[in-house]
C-alpha cells in the first residue's frame, strides 16, 4: 500500500512557511511500515485542491491531508472533499453541541463562525480533535482511505497519534519493521561517523541514517524483513556496534529528550539544579521546564544579560568580568556557582557566549560559548565553538549545557 | 503560468529530513511573480519519479526539480528525464574536461565516479554549478519548461539565483503580485474573523488567508492582476478595512516578530525590561533575546520555578502565595514588581500558570495563566485560558506576555 500526504495552504507555496506537518506525518507513517510515495503541497484554490485529491486517489491507497479545515472562508478542504467524492455538506447538530460545551467549559462564548465546524461531508467518519474545533474527516470506500485533518500542528499531531494511527495499523499487513533511535549529544555528525564507521557491519535489510539537529545527532537504525527474529538480531548487532564505539555520547535509546534524561538522573540522585544564562537568555530553563514535573529538581534561574545582573544577582566578581570578559571560563564558573548559591540548588549550570550577529572578536569569534558547571561545589567550564548563526548557536548551547550535566552525573569524562 | 516544484529523495518521505529546498524555491519563484501550484516530494524510485514528472508536465508549465543528480547509483533523475522526454544520455567531452580542470585547480585528482557527471540528456541546455559537479539540466520545448537541479542546497541556491531566475524572468509576463502580511497577537482566529468579516470587501484578484500559530494570527493579503495600480489599490483597500476593524491587535505589517516590535518600542521610549517567569521557565527571556542587540533594553530575568525563589529572589510576600496561590493575579503582580526592582529595570513582566499535564484544579484548570506587568511602578495583571497542552500553553503565554507590553507601551486598552 502506498500513502500520499497532501498539505494544504497558500503559505506553503510562497516560501513563507516550512511544511513541518508533512515531515511529522511521513515519520509516523514510515514508523508503522507504511510506504509514503508522494508528498504534495498545494494552495487554498479549489481547482488545484480538487486536482491534487484526484491525482492522489489515482496513485495512492491511503491519502492523508492537513490544513484548510478552519472556520474561515479561505478554508475550503471540506468543499473540495464534497466535489471529489460527490456528496453534500450536512449540518451535524451533535458536533455543534459538543463544540459549544467545549467553549462553555473554558468560560467562553463560542464565536458564531465556529458553527461552520459542524458542517461536514455526508457519510464521513470523524476523528476527535482534543484541542481544537475542527474534526478530522475520514472517507473509507472503494479501496481508498482518505483522511483530512486540521493544519495546526499541535491539533494534527494529537489526532494522528490518538485517532489515525490506530486505524491505519489495523489496515496494513504484518511486515516486520524494527527501529532503534539512538540519540547522541556533544559530538558533530562527521566526527560521530568517523567513530562508528569502522565498526559498522550492516546485515541484510538493516540500514543506518544520521539525523543531525541543534539537539544532537540521532542515529536511526532500521531493519525490515519477513522473520522477526532475524530482523531483531540484525538491528541489535548494529546497535551494539554503535554503543561500543560511541557509547559515551548516547543519552537515550528510548526516544526521550535530553532534558528528560537529565531530569530523571537528578531525581534519582536527589539533586536540584539552577541555571544562570547569558547568551541563551532563558532557553536552558525553558527546555528544562518543558518536562512535566521539573519542579521536583529545578529551582529556577537567573537570566543575567546585563553585566550588572551578573554582579548583583549572581555575585560574579567585577574583577573577573574586567579581567577575563563576560565570555570566559572564569565568568562561566562564577555564574554557575552564583546560580547554585543564590537559588539554593545543588547544581549550578551557566551559559555565556557570543551569539552574534555582532560582538565577535578575533580572540572570541561569533559562536564562542562557555558552559559552566558547579556540582556540590566542584566547578568546571568548557569552551565550544558552535557555528555562525545566532539561533543555532543558542540552540546548540542549550544541548551542550544539558549534556555536560548528564556526563557529570554519570561520571563520564 | 503555473509552476510545480519537485523535490527528490527517499529521505524526504520518511520524516528524517525537512524539505528546505522547496521552501527556498517557492519563495524565489513567488518573488518574481510565478504562481507555484504544487510542490511534490517523491523518492529515488524510477516509477514514482517518472509518474511525478508526467503529472507535473500535465498540470504545470514550468517544472523545477531538485535532487538525484549525483554520480552514485541512487541518483536517477537523469535517467527519469530520458524516459519521460524519450531521449538518450550522451557523453559530453567538454563537460568532463571542465570538471577535471576544476578538480585540478584545487590540487585534487577527480574521483573516477565523477565521469558520470558528463553523461547528460541529448539536446538539453545546461546551467552552471558554481560549487559542485552536477550541472543543471533544462529542457524547454512544446510550451513546457523543465529544469533539474542538484539537491545540495548551497549548489542549488546559487544555480537558481545566477542561472535559473534570469531565464524565468524573461519568460513570464509582467503580471503584478502584491502581498501584505498583517500580523496580530492576543486574539483567536475565529474571534478575529468575526471582527473583520463585516468590513471585508474583496476586490477582483485580491484574497485573504488566516495563518494561526502560537505566535498569533497572521493575515495574508494577496493581490494578483495585470495593472499595478489596480492591484495595489485593491490590496490597500482590504488592508485598510482590516486595520479599521482590528487595528489594536496588529503588531506589524512589515514581517517583524513581536519581540522585535516590542524591542524597538523599548529603545524608542528608552525603557529597560526584566522578566520573572514561572510556567514559561525562561522562554520569555529566550524570545526577547532572540533579537540581536536585545542587551540595549533587556536586563535579564529570574526564573522562579520554586516558591522559595519567588519569595527570596523576587520578594513575593509569602502571605500572597499562601492566600492566593502561586497562580494568581496577586502573585503575577508581585513577581513583575520584584523582577523590575531586583534587576533594576523600568518594566517587569511576569508569567505564572498551570501548564499541565497535571496540577489543574476546578478553579484553575490546566491552561490558566496570569501575566503580570509593572511599568514604572504602575501594575496590572491579566488572566488567560490558553488550552490544554503544555508546550502550546507555554508558547502562547510568551506571545501574550509580549503583546501585553506592546499594548501598554502604545496606550492600547
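Since every read-out is calculated from the coordinates, none of them should be taken as a lab result. Being a predicted model, the structure only gives us computed values, none of them experimental. All Cβ positions, glycine included, derive from the backbone under ideal geometry; neighbour counts span all protein chains shown.
Annotations
- Acute angle (nearest 10 degrees) that the helix A:20-31 long axis makes with the longest principal axis of chain A, alpha-carbon atoms: 80 degrees
- Note on segment A:150-205: the alpha carbon radius of gyration divided by the globular reference 2.2 N^0.38 Å gives 1.77.
- Label spacing, shortest first and in nm, from residue A:256 to its equivalents in the remaining copies (7 angstrom along Cα→Cβ): 4.3
- Pairs of Cα atoms nearer than 8 Å and 6+ residues apart set the relative contact order; for segment B:330-413 it is 26 percent.
- Using the average count of surrounding beta-carbon atoms within 10 Å as a protection proxy, the listed peptides B:336-348, B:206-218 rank, highest first, as B:336-348, B:206-218.
- Prolate/oblate/rounded label for segment A:2-171 (Cα gyration tensor, a/c 1.5): rounded
- Remark: mean inter-chain Cβ contacts per residue of A:59-72 equal 2, using a 10 Å Cβ-Cβ cutoff to other protein chain atoms.
- Peptides B:165-171, A:269-275 ordered by average Cβ neighbours within 10 Å, highest first: A:269-275, B:165-171
- With contacts taken as Cα pairs under 8 Å at a separation of at least 6 residues, segment A:258-410 carries a relative contact order of 24 percent.
- Cα long-axis angle, helix A:93-105 against chain A (0 to 90 degrees, to the nearest 10): 20 degrees
- Structure-based [θ]222 nm, the protein assembly as shown - -39500 (n - 2.57) summed over DSSP H runs of at least 4, per residue, nearest 500: -11500 deg cm²/dmol
- Rounded Å value of the spacing that divides the Cα centres of segment A:199-239 and segment A:302-327: 47 Å
- Radius of gyration, Dmax [chain B; alpha carbons; angstrom]: 27.8, 85
- By DSSP, the beta bridges lying fully in segment B:2-171 are antiparallel in about 40 percent of cases.
- Taken along its three principal axes, the alpha carbon spread of segment A:176-252 comes to 36, 23, 17 Å, from the longest extent down to the shortest.
- Separation of segment B:329-398 and segment B:254-278, taken as the distance between their Cα centroids, equals 17 angstrom.
- For the protein assembly as shown, the pair-distance distribution built from all alpha carbon pairs, in bins 10 Å wide starting at 0, is 2, 12, 20, 24, 22, 14, 5, 1, 0 percent.
- Note: relative contact order over chain B, using C-alpha pairs below 8 Å and six or more positions apart, is 10 percent.
- The mean count of C-beta atoms from other chains within 10 Å of the C-beta of residues in B:304-314, rounded to a whole number, is 5.
- Computed as a quarter of the hull surface, the mean projected area of the alpha carbon convex hull for segment A:258-410 stands at 7.9 nm².
- Inter-part distance where segment A:1-46 and segment A:158-194 are each reduced to a Cα centre, Å: 17 Å
- Label points for residue A:376 are taken 7 Å from Cα along Cα→Cβ. From this copy to the others they lie 5.1 nm apart, shortest first.
- Annotation: the antiparallel percentage among DSSP beta bridges lying fully within the protein assembly as shown is about 65.
- With the highest mean first, a sort of the peptides A:5-14, B:369-378 on other beta-carbon atoms found within 10 angstrom per residue produces A:5-14, B:369-378.
- In chain A, the longest principal axis of the Cα atoms and the axis of helix A:46-59 are about 90 degrees apart.
- Test item: B:335-344 mean partner chain Cβ contacts at 10 Å: 2
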